[in-house]
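The structure appears right after this line, and notes come after that.
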Amino acid sequence: MTVEPTRIEDLDEQQRQPFHGITNIVLMDPEFGRAAAARIGELQAAMHAFMRAYARAIQPVIAEMGRAFEAMREAGLIDESGRPTHRPDRPAWQSPYGPAPRRRR
């Protein structure tokens, strides 16, 4: 179905808003508006159903992550904000003094 707009109102340059100044579009066929509103409602319902299903699906993963972080806190590896409590040991090649000297044979 093709619907032609009957009127498009436009603002002058000083009053324009981010959407190119268009403030109102009046459609000739009111059935088009009802059909569009129905489709938008269907889309909204589908999006809500998807988000509910997604939330149910990721809930076990989030719970497991919470248990892992709690275990790391209890072990003293991280503080309450999730930051490491101490610096990890570095291998010798990352030492601030450089690698150990090698003996010549």
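Every number in this text was worked out from the coordinates using simple rules, so none of it is lab data. Here the structure is a predicted model, which is why all the values come from computation and not from measurement. All Cβ positions, even for glycine, are placed from backbone atoms using ideal geometry, and neighbour counts span all protein chains on display.
Observations on the structure shown:
- Between MET72 and ASP29, the simple label model (points 7 Å from Cα in the Cβ direction) yields a spacing of 5.8 nm.
- Multiplying the residue separation of ILE40 and ALA63 by 0.36 nm and subtracting their alpha-carbon distance yields 4.9 nm.
- Förster radius 35 Å - calculated FRET efficiency between PHE50 and HIS86 (Cβ-Cβ, nearest 0.05): 0.20
- Charged neighbours of ILE78, selected by a Cβ distance under 14 Å, balance to 0 (K, R count +1; D, E count -1).
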